[in-house]
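The values are calculated or read from the model by the stated rules, or taken from the named source; none is laboratory data. Keep in mind the model is a prediction, meaning the values are calculated, not measured. Here the Cβ positions follow ideal geometry from the backbone for every residue, glycine too, while neighbour counts run over all protein chains shown. For the accessible areas, the whole protein counts, side chains as well, though only heavy atoms, and no ligand, DNA or RNA atoms are used. Shrake-Rupley method; radii C 1.70, N 1.55, O 1.52, S 1.80 Å.
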Amino acid sequence: MNAPLRNPSPILPEVAEELDRFIALRRHFHQNPELSTQERETARRIAELLGEWGYEVETGIGGEGVVGTLRLGKGGKAVGIRADFDALPITEATGFPHTSRNPGVMHACGHDGHATILLAAARSLARRKRFDGTLRLIFQPAEEISVGARSMIRDRLFERFPVDAVFGLHNWPGVPEGVFGFVDGPAMAAVDKAVIKIVGRGGHGAAPHETVDPVLAAAHVVTALQSLVSRNVPPLEAAVVTVGSIHGGTASNVIPDSVELQATIRSFSPEVRRLLSERLPALVKAQAEAFGATAEVEYRLGMPAVVNHAGPSQFARVTGLSVFGATGVEPNLAPRTASEDFAYFLEERPGAFLFVGAGDGPPLHSPQYDFNDALIAPAATYWTRLAERFLA
Ligand SMILES: [Zn+2]
Ligand SMILES: [Zn+2]
């Protein structure tokens with residue numbers, strides 16, 4: 001079968017007609033960013049708009065979380081779509097007219113865009129009324145500090161607002177603009193952290209034989225850690241071990257007592273994650289001992305991987321193909337080594353996380369980054385059609 005061509009105009013008229021309003025809303029959110037757990041005004045605006053459009057609205061879920069529910073017909077199915085809306089502690093350097101008015105706080109991950117996309121979809125779904133079942137729009141706070149999803153789940157999100165599947169998306173600079181990217185299985189990495197202290201015995205730099213030099217031991221530890229991925233992780237699995245911080249010593253002629261290192265560890269499968277959590281401390285300790293030093297390793301398990309479920313993942317992909325055609329879809333995008341707390345939703349319910357290309361431009365979390373407003377129309381169209389297909 002030939003791949004379908006891109007539709008001449010896949011953007012829904014209900015989305016196109018109100019696009020200017022949603023671009024203005026996105027820039028309003030951008031100008032008024034709020035840090036994780038402090039998103040009160042953004043949540044208030046989201047709740048107000050959903051209420052105006054006929055949604056039942058619940059606020060204060062897991063902090064500033066908001067859920068909008070719309071029921072149509074007698075269908076028994078329910079679909080959840082999630083958007084995050086918190087900002088980062090970054091000083092904006094875009095120089096755009098809609099630059100942040102909140103000094104030191106910036107929407108540098110595009111969560112202003114994610115929330116706007118879901119609101120534009122909320123509006124179009126409420127106007128079109130072409131589904132049969134229950135639509136749940138989940139606006140999640142505090143994604144950047146990995147707290148929001150868990151807080152909403154702890155607040156019994158899925159018991160109070162049951163869904164058969166839950167979907168979410170992230171814009172992605174570097175993926176062609178407006179192209180929807182889909183990943184089966186692990187889509188974003190688990191992130192863990194190791195805090196390492198190499199303890200030796202300090203002394204005069206001129207008499208190293210009278211000391212146990214933790215700087216030399218630390219240098220060997222950094223080198224040895226690079227063997228974890230190359231020699232322990234199976235070659236067809238992916239993982240990252242990055243030592244991003246190393247501190248020790250105060251002067252060229254003083255051997256310090258200790259050196260501290262910090263590493264981030266990224267993995268996609270539970271097996272590799274467990275392997276690294278066992279091998280890293282063992283390797284560090286043995287390496288330190290080889291130089292007469294000792295090592296203390298604190299291994300902090302962070303967020304799990306975002307693991308897409310097979311059925312919803314394929315449903316999301318087929319929706320993309322049916323709306324935008326083959327040229328608008330990357331059916332097998334490579335997984336991202338960043339992390340996302342949507343992972344916790346996928347541990348609770350079936351679902352999928354997908355990406356929409358933001359085109360060329362500064363990366364996420366850069367002070368030069370700005371959400372690409374050209375994504376609002378296609379992504380709002382996508383969510384509208386996904387919900388309508390799921391609740392057909
Ligand atoms: Zn981010
Ligand atoms: Zn983000």
Which of the aspartates and glutamates could a cross-linker span from Lys129 if the Cα-Cα distance has to be under 13 Å and same-chain partners fewer than 8 positions apart are dropped? Glu14, Glu388
State the answer as a single residue: which of Val195, Val221, Phe131 lies farthest towards the positive end of the charge dipole of the chain, with beta carbon charges of +1 for Lys and Arg and -1 for Asp and Glu, about the Cα centre. Phe131
Which value, in debye to the nearest 20, describes the size of the charge dipole of the chain about its Cα centre when Lys and Arg Cβ atoms bear +1, Asp and Glu Cβ atoms bear -1, and nothing else is charged? 1000 debye
Computed for the range 233-392: size of charge dipole around the Cα centre, +1 on C-beta of each Lys and Arg, -1 on C-beta of each Asp and Glu, debye to nearest 20, value 460 debye
Under the Karplus curve 6.51 cos²θ - 1.76 cosθ + 1.60, θ = phi - 60°, whole-Hz ³J(HN,Hα) for the range 142-159, x wherever Gly or Pro sits: 6, 6, 5, 10, 6, 10, x, 4, 5, 5, 5, 5, 5, 7, 6, 3, 7, 6
Long-range amide H contacts for Glu177: which residues qualify at under 5 Å (H placed 1.01 Å from N, peptide plane, sequence gap of 5 or more or a different chain)? Gly359, Asp360
The chain: relative contact order from alpha carbon pairs under 8 Å, six or more residues apart, as a whole percent, is 26 percent
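Could you please state how large a percent of the accessible area of the range 1-156 is carbon and sulfur, counting protein chains only and using a 1.4 Å probe? The partial results should precede the final answer.
Details: 3370 of 6780 Å².
It is 50 percent, rounded to a whole number.
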Go through the range 366-377 residue by residue and turn each phi into a ³J(HN,Hα) via Karplus (6.51, -1.76, 1.60, θ = phi - 60°); whole Hz please, and just put x for glycine and proline. 8, x, 8, 5, 9, 4, 8, 5, 5, 8, 4, 5
With point charges of +1 on the Cβ of Lys and Arg and -1 on the Cβ of Asp and Glu, referenced to the Cα centre of the chain, which listed residue (Asn32, Ser258, Leu333) lies farthest in the positive direction of the dipole? Leu333
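Ignoring any ligand, DNA or RNA, what whole percent of the accessible area of the range 195-239 comes from carbon and sulfur when the probe is 1.4 angstrom?
Values: 1490 of 2470 Å².
That fraction is 60 percent.
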Quick one: angle between helix 19-31 and the longest Cα principal axis of the chain, in degrees between 0 and 90, rounded to 10, please. 30 degrees
Return the aspartates and glutamates within reach of Lys285: Cα separation strictly under 18 angstrom, same-chain partners fewer than 8 residues apart disregarded; answer none if there are no such residues. Asp213, Asp257, Glu260, Glu296, Glu298
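Tell me the relative contact order for the range 12-145 as a rounded percent, counting alpha carbon contacts under 8 Å between residues six or more apart. Before the final figure, lay out the partial values.
On the way: 255 pairs, mean separation 49.3, N = 134.
Rounded, it is 37 percent for the range 12-145.
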Nonlocal amide H pairs with Met106, under 5 Å, H built at 1.01 Å: Leu88, Ile90
Please name which of Pro103, Ser277, Leu19 has its Cα lying farthest along the dipole of the chain towards the positive end, using unit charges on Cβ (Lys, Arg +1; Asp, Glu -1) and the Cα centre as origin. Leu19
Roughly what angle does helix 270-290 make with the longest principal axis of the chain, taking Cα atoms, 0 to 90 degrees, to the nearest 10? 20 degrees
Work out from phi, with θ = phi - 60° and the Karplus expression 6.51 cos²θ - 1.76 cosθ + 1.60, the ³J(HN,Hα) of each residue of the range 306-323, listed in order in whole Hz, and give x for Gly and Pro. 7, 10, 6, 8, 4, x, x, 5, 5, 4, 4, 5, 5, 4, x, 5, 5, 8
Roughly speaking, to the nearest percent, how much of the range 345-392's 1.4 Å accessible area is carbon and sulfur? 47 percent
In whole Å, what is the distance between the alpha-carbon centres of the range 220-277 and the range 114-182? 35 Å
Among Lys193, Lys74, Lys129, which one shows the highest mean-square fluctuation when the chain is modelled as a Gaussian network with alpha-carbon springs under 10 Å? Lys74
Can you give me the long-range amide H partners of Asp213? Hydrogens built in the peptide plane at 1.01 Å from N, cutoff under 5 Å, separation of 5 or more residues or another chain. Arg201
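Would you mind getting the accessible area per residue of the chain, heavy atoms of the protein chains only, 1.4 Å probe, in Å²? Walk me through the numbers on the way to the answer.
Numbers: 16560 Å² over 392 residues.
Per residue, the chain has an accessible area of 42 Å².
Counting each DSSP H run of 4 or more residues in the chain as -39500 (n - 2.57), what helix-only mean residue ellipticity at 222 nm follows after dividing by all residues, to the nearest 500 deg cm²/dmol? The partial results should precede the final answer.
Numbers: 11 runs with 132 residues, N = 392.
Taking each H run of at least 4 residues, the total per residue is -10500 deg cm²/dmol.
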Just Arg128, Arg266, Arg150 to compare: in a GNM of the chain, with alpha carbon springs under 10 Å, which one fluctuates most? Arg128
Point-charge dipole on Cβ atoms (K/R +1, D/E -1) for the range 231-274, about Cα centre, debye to 20: 180 debye
